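The values are calculated or read from the model by the stated rules, or taken from the named source; none is laboratory data. Values in this document were obtained by computation on a predicted structure and should not be read as measured data. Don't worry about glycine lacking a Cβ; one is built from the backbone with ideal geometry, like all the others, and counts go over all protein chains shown.
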Amino acid sequence: MPPIGARVRVPVGTREVIGCVVAHGGTFEEGKPVRDILAVLDESPYLPEPVVRLCQWVADYYMAGIGDTISAAMPPGAHRKSAIRTRRVITATVHGVSAVESQSAELTVRQREVLTVLASTPAGLSASVLRERGGSAEVVRRMVAKGLLVIRDEQHERDPFEGAVMPAEPDSGRRVLTTEQDGACRTLEGLLDEQRFRVALLHGVTGSGKTEIYLQAARHTLQKGRQTLILVPEIALTPSVSSRFRAAFGTRVAIQHSGLSDGERHDQWQRIHRGEVDVVVGTRSAVFTPLPNPGLIVVDEEHDGSYKQEESPRYHGRDVAIVRAQASHALIVLGSATPSMESYQNAVTGKYVHIALERRVLDRPLAEVRLVNMREEYAECGPDVVISRALVEAIDTRLTKGEQVLVLLNRRGYSTAVLCRQCGDYFECPNCSVSLTVHRAHSRWRARCHYCNYTVIVPTSCRKCAAPYLEQTGFGTERVEEQLKERFPSARISRIDRDSIRAKGALTTRLSQFAAGEIDIIVGTQMIAKGHDFPRVTLVGVVSADVGLGLADFRAAERTFQLLTQVAGRAGRGEQAGEAIVQTLYPDHYSIEVARRQDYPAFFEKEINYRRGMRYPPVVALINTVVRGRQFEEAMQLATDVVARLSSAAESGRFQILGPAPAPLGKLRGEHRVQFFLKGTRRADMRNALKEVLLAMPEARRRITVDVDPLTVL
Ligand code: ADP
Ligand code: ZN
């Protein structure tokens, strides 16, 4: 019998797929024939048994399929032709696009319709949405055979690792630790000596030298004969962590990034499995790494939203890491300058060991943060101001001194909306309820949906009333870049956002150019706020601190506070003191005011009171259920039905149901969305009730997305 965790080839329907043994025996669905395994691919477990058990926990807790979960735990290439369900996305081929553009006579009317839709949606559409547009399965099949369309799995397209690691800096050896660092190390070593499950929150201001502490703790773990797992939000964005580990542990450290081929990754996997690696540094999916005996798990920047996977299984890497640490009797260290409300709450109540680092290394001061009230700026300089006088002046001063500048605007594109001044028509995405963002590339203006990638060329007149009065409103990073180039023509300016770093390795290249002093100013989205250590940056400008504040999301203030504190933390990490200039319409908003003072405890006090008052996490647990439908009524009907079935369980007083109501993002990729929340203190009760109801309606299940502990509720 193949062991648990071994890969096997099995028949599913008429296909053969590769799967993973998760249990022996067990129960089978009534009436379904039991079929034999065709071949056993591994004599010994490919996934260690503890990892299989972790996957089972994830599938259960997050209400995801075990197939999706095992798939998330496997390295790419390990389950080619796998049984794992992925979202099928259909896109037009180059051949298909040119056939429709040249009005090829070989196309049927149907085929032309399908290609027209897909030609303006480069990211493709799901089979169900396409069916609605005339692309039945049969039509699609024929078109694939003719080379007009391709079908691919969305999961393989997405790449969690952006670019590769930064080159390793030569090991500067062990540094003389500061008193605070030394104290933290001793506490952690004491906890490691206990050899049991503990959680520590390492709450250290930006630049307090947390990486050095992780290194020291990893060395201590190695002395105990155990391994260390370091999770980072995005490898390319945390050069100081990955390169320090590589420098200290050489080939005994495995770094997981997309620069590796499937084969190389597979080799790494085997090395880790065999115990030839002492430290693994990776992003959230590395929580499933096959380290035989992890004694220390570090979650760096534990508050970061990238730890949450926004597709099935919708797990939070930090929370899964805690469960893994518990199962491995390991110490887990959550590090951050701006801890999540969840983690800080646990530190305050004594559930976690709280280690605070209040000072930067070498007594470097935190950046001075100055607010610029944009209402006053508009009153004095007109409504078109993007970069305030104070910020322009400060940039000028820094450039003159040969220092570097980061400019943050957490919004991509050139402008964020197009509207007609005559009839008021907004350019909305036909598939999603969002306005299209204008991007400019090679002097061409295109309006694009940031959710489904639907793209059109911006016309010169209104498509509804034909008036030539189209206006672009709202501005994004492209516009900021343009303005800076006009203001500072001799400065070397570069932009970092998801649009500018599409090419593989582009991000790494840009970051190393900046580190080498070949770029003076970087403009970017929240990407530039994460974990960088560029000693020559002395000024950080925030063009609009208010971008996320207006969102109908209870974490809006927390996210704003974290982003501002983190980005301000990029300034003054070297010998020169730093400053941050923050432009805002709401200088009195507490998340902005407290970020100015960089006073985390004050923020926590305010925010926890708000969460208590409104009964939001971490005071209660939340489960978000989104029901999708081609028609709004259809989605609403199903949601109402599910809620009705849940109500008796809720009535017994254990949890509350809020909704159903249209989701803030009412339409997405051609489907209407209705959502409802379960809110309560006993997560298991809510989960069990929901599971029971959904089990009874299997046909509806694929139209329902359940998000346990959601990070965003849009
Ligand atoms: P954090 O992650 O807390 O923001 P880092 O770990 O990136 O901080 O450290 C900030 C900078 O200080 C890095 O350049 C690091 O090499 C340096 N550093 C860390 N500890 C020391 C120390 N004890 N002495 C001198 N420099 C240090
Ligand atoms: Zn869209």
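Take segment 611-645 and flag every residue that is free of Cβ contacts under 8 Å to residues at least 40 places away in the same chain and in contact with a Lys or Arg (Cβ under 7 Å, 6 or more places away or on another chain).
Val619
If the requirement is being within 14 Å of ligand 2 (Cβ to nearest atom), in a strand (DSSP E or B) and either β-branched (Val, Ile, Thr) or out of contact with any strand residue (DSSP E or B) (no Cβ under 6 Å at 6 or more places or on another chain) (or both), which of these qualifies: Val456, Val438, Val418, Val405?
Just one listed residue meets the conditions, Val456.
Looking at segment 583-596 only, could you name the residues that are of a type outside the set (S, T, N, Q) and either in contact (Cβ under 8 Å) with a residue 12 or more places away in the chain or surrounded by 16 or more Cβ atoms within 10 Å (Cβ to Cβ) (or both)?
Passing the criteria: Leu585, Tyr586, Pro587, His589, Tyr590, Ile592, Glu593, Val594, Ala595, Arg596.
Going residue by residue through segment 120-141, is there one that turns out to be surrounded by fewer than 14 Cβ atoms within 10 Å (Cβ to Cβ), modelled with pLDDT of 85 or more, more than 28 Å from Glu311 (Cα to Cα) and not charged (D, E, K, R)?
no
Give the residue that is nearest to ligand 2 (Cβ to nearest atom), with candidates limited to residues of segment 421-435 that are in a strand (DSSP E or B) and over 23 Å from the mean Cα position of the chain (by Cα).
The residue in question is Glu428.
Assess whether Phe488 counts as being of a type in the set (Phe, Trp, Tyr) and buried (at least 20 other Cβ atoms within 10 Å of the Cβ).
no
Listed here are the residues, each with its yes/no results for (1) closer than 24 Å to Leu47 by Cβ; (2) outside the structural domain of Ser44 (by TED's automatic domain parsing); (3) at pLDDT below 95.
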position	(1), (2), (3)
Glu189	no, yes, no
Ile213	no, yes, no
Ser240	no, yes, yes
Phe245	no, yes, yes
Phe249	no, yes, yes
Gly263	yes, yes, yes
Asp267	yes, yes, yes
Arg271	yes, yes, yes
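Among the residues of segment 180-215, how many are more than 10 Å from ligand 1 (Cβ to nearest atom) and assigned to a helix (DSSP H, G or I)?
12
Would you please name the residue that is surrounded by the fewest Cβ atoms within 10 Å (Cβ to Cβ), looking only at residues in segment 421-430 that are touching a strand residue (DSSP E or B) at 6+ places or on another chain (Cβ under 6 Å) and among the charged types (D, E, K, R)?
Ranking the candidates gives Arg421 first.
Take residues that are within 16 Å of ligand 2 (Cβ to nearest atom) and tell me which of the strands (runs of 3 or more DSSP E) falling wholly in segment 614-714 contain 3 or more.
So the answer is 655-668, 671-680.
Per-residue answers, yes or no, for (1) touching a Lys or Arg at 6+ places or on another chain (Cβ under 7 Å); (2) surrounded by 13 or more Cβ atoms within 10 Å (Cβ to Cβ); (3) within 30 Å of Tyr454 (Cα to Cα); (4) without any contact (Cβ under 8 Å) to a residue 40 or more places away in the chain:
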residue: Phe655; (1), (2), (3), (4): yes, yes, no, yes
residue: Gly670; (1), (2), (3), (4): no, yes, yes, no
residue: Phe676; (1), (2), (3), (4): no, yes, yes, no
residue: Arg682; (1), (2), (3), (4): yes, no, no, no
residue: Ala689; (1), (2), (3), (4): no, yes, no, no
residue: Glu699; (1), (2), (3), (4): no, no, yes, yes
